[in-house]
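In what follows, a single structure is set out as structure tokens and then discussed.
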Amino acid sequence: MKRPPVRTLGGAPQSQPQAQAQNERHAHLHVGRGLDLKGEIRSCEALVIEGNVEAEIESGSLTVGESGVVKGQANVDEAEIEGNFDGTLNVKGCLAIKSTGKVRGTIHYGELRVEQGGQLTGELDVGTPKAGAKSGSPENKPSETQKKAVNS
């Protein structure tokens, strides 16, 4: 049985195996404005949230748009927050908080950039926890753990 070609956003029709191979390489998810999502999000290369999400997240990059609200735990390579994040946020690389962004909770990051007006409240750790390390173990505690609010 021959399957009809799949049309992508690029416009040109592709055969089913080509479309499937392309989707496996680039796992992107966009939670649009007005959508509510609860659960787990895993194996995502790029995640953009403009709606309401309550989840455990593992992603390459995380972008929370100005209208986005996230509650839960996230383990990501990079994060840019324009909306609200409340929970535990582990960022291996750079955490960028835009002027409209608000981050609350336990935050681990490799690098931090906060625009004027951005808010960061909670327990802050420079550096991410080691894989497999239990919370509270000595190897999981960076030398400079801070508990404070940062308002730029």
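Scanning region 43-101 for residues that are polar (S, T, N, Q) and within 15 Å of A27 (Cβ to Cβ), we see that the one that is surrounded by the fewest Cβ atoms within 10 Å (Cβ to Cβ) is S43. Total residues in region 112-137 satisfying the condition of being assigned to a loop (DSSP other than H, G, I, E, B), open to solvent by less than 30 Å² (accessible area, probe 1.4 Å) and at pLDDT below 95: the figure is 3.
When restricted to residues that are part of a strand (DSSP E or B) and over 13 Å from the mean Cα position of the chain (by Cα), region 94-111 contains 6.
The values are calculated or read from the model by the stated rules, or taken from the named source; none is laboratory data. This one's a predicted model, so the numbers in the text were calculated from it and none came from an experiment. Here Cβ is always computed from backbone atoms with ideal geometry, including for glycine, and neighbour counts include all displayed protein chains. SASA here: full protein model, heavy atoms, side chains in, ligands and nucleic acids out. Shrake-Rupley method; radii C 1.70, N 1.55, O 1.52, S 1.80 Å.
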